[in-house]
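The values are calculated or read from the model by the stated rules, or taken from the named source; none is laboratory data. Just so it is clear, the model here is predicted, and its values are computed rather than measured. With ideal geometry, Cβ positions are generated from the backbone for all residues, glycine too; neighbour counts draw on all protein chains shown. Accessible surface areas use protein heavy atoms only, side chains included; no ligands, DNA or RNA. Shrake-Rupley method; radii C 1.70, N 1.55, O 1.52, S 1.80 Å.
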Amino acid sequence: MKIEIIDLDFMDTKQVIASFLLLAEDGTSVSIVETGPTTCLDRLRAGLKQHGISHEDVRQVFLTHIHLDHAGASGHLSELLPNATFYVHEVGYPHLVDPSKLVKSATRIYGESMDELWGEARPVPEDRIVILGEGDETEAAGGILVAHNTPGHAYHHLAYLEPDSGTLFTGDVAGIRLPGQSYIRPPTPPPEIDVEAWVQSINHIREINPASLWPTHFGSYEDVERHLGELEQRLQDWLLFVEGQMDEGADREEISDQLKAKGDAEMLAEGADTSQSEHYDLAGSYPMLTDGLMRYATRRREKS
Ligand SMILES: [Zn+2]
């Protein structure tokens, strides 16, 4: 199969959110990995058209998880793509069928910006959805895709391996990395992040041993072990940093500012500049990442 990236131009910005197209060599069947948000729907449709794909040609839509930047357009697409089946983890399934809880939870994070960022999330009919779990293989675009449970960023997260090429679609589990950069920013939004599970998922990816990582934010990268090592190290380092700030009595805003200063210094050390930091913010901003880490740290302490 052939793999193409559609840049969804999220918030009129290049290379923030990708949708991936899987094309059979004989042109007969097409699959999509990630829909992007409803606000990018026109861009997705334009991308399909550019590749000569009709709405009827699309047979499958694979979702890594149901966050609105990855799967928000699913309901609209179920209306537009008459032959497409939607694939998702079982814990994501009820939220595709009825997105109201998901929208409520996202509204707590994004408030008044909900419409501008994500647009409307419509339900996907139950009979159009198939649940996938660890190791499940699905025929797609003349080959197969293998689902892998990869919790951590979200409990219900799947990564998809295309075994012939060793391509792994990593959703958010391999972090945020923008083209031309080596820097990996861990997306740690509330409410579900679990750093311990995430590190196990990184080890799971090492066992899968892919040839390349394809994060939704954004592109494809072949320095797999270096990439995963940096992500693992930074996740643990940022958690300790946030815990340390909490111990000193810093509030959320102070911690977010401190984390940004730390993250920007790390980017500079890797050769990036602060304008790239703003680009990364579109996929995961510091106030949101701080909220997720603080919540995880608090819950972890309550448990121990
Ligand atoms: Zn996400």
For peptides 242-251, 1-10, sequence by mean Cβ density within 10 Å, most packed first: 1-10, 242-251
Kindly state, to the nearest 0.05, the FRET efficiency for residue 252 paired with residue 103, given R0 = 25 Å and r defined as their beta-carbon distance. 0.60
Segment 108-131-segment 140-178 distance, computed between alpha-carbon centres (Å): 21 Å
Karplus couplings for segment 68-74 from phi (6.51 cos²θ - 1.76 cosθ + 1.60, θ = phi - 60°), rounded to Hz, Gly and Pro as x? 5, 6, 10, 9, x, 8, 4
So how long is each side of the chain along the principal axes, counting just the alpha-carbon atoms, biggest first, in Å? 59, 38, 38
Output the peptides 261-269, 55-63 sorted from most to least packed, where packing is the average of other Cβ atoms within 10 Å over each peptide's residues. 55-63, 261-269
Out of the DSSP beta bridges found with both residues in segment 52-171, what percent are antiparallel (nearest 5)? 60 percent
Please report, as a whole percent, how much of the solvent-accessible surface of segment 190-284 comes from carbon and sulfur atoms (probe radius 1.4 Å). 46 percent
Local net charge near residue 296, Cβ-Cβ under 13 Å (Lys/Arg +1, Asp/Glu -1): -1
In order through segment 11-23: 3J(HN,Hα) via Karplus (6.51 cos²θ - 1.76 cosθ + 1.60), integer Hz, x for Gly, Pro: 6, 6, 10, 6, 6, 10, 10, 10, 10, 10, 9, 10, 10
Among the listed pairs 101/303; 2/104; 2/260, give every one whose C-alpha distance is greater than 29 Å. 2/104; 2/260
Provide the per residue accessible area, probe 1.4 Å, for the chain, rounded to a whole number of square angstrom. 42 Å²
Distance between segment 3-27 and segment 233-304 - C-alpha centres, whole angstrom: 29 Å
Taking θ as phi - 60°, what are the ³J(HN,Hα) couplings along segment 261-275 by the Karplus curve (6.51, -1.76, 1.60), each to the nearest whole Hz, with x for Gly and Pro? 4, 5, x, 5, 5, 5, 5, 4, 5, 9, x, 8, 10, 6, 5
Cα gyration tensor category, rounded, prolate or oblate, for segment 156-304 with a/c compared to 1.5: oblate
Full-extension gain in nm, residue 112 to residue 233, via 0.36 nm per residue minus C-alpha separation: 40.1 nm
Pop out the carbon and sulfur fraction of the accessible area of segment 53-95 as a percent, whole number, probe 1.4 Å. 45 percent
Within segment 80-94, backbone nitrogen closer than 12 Å to the virtual label 7 Å beyond the Cα of residue 137 toward Cβ: none
Exposure rank, largest accessible area first [196, 120; 1.4 Å]: 196, 120
Looking at the chain, what % of its DSSP beta bridges pair antiparallel, to the nearest 5? 60 percent
If we count every other residue with Cβ under 14 angstrom of residue 124's Cβ, Lys/Arg +1 and Asp/Glu -1, where does the sum land? -3
Which lysines, on any chain, are close to residue 262 with Cα under 26 Å apart, when same-chain ones fewer than 8 places away are left out? 14
Keeping all protein chains in the complex and leaving out DNA, RNA and ligands, what accessible area do you get for residue 118 with a 1.4 Å probe, in Å² to the nearest 10? 20 Å²
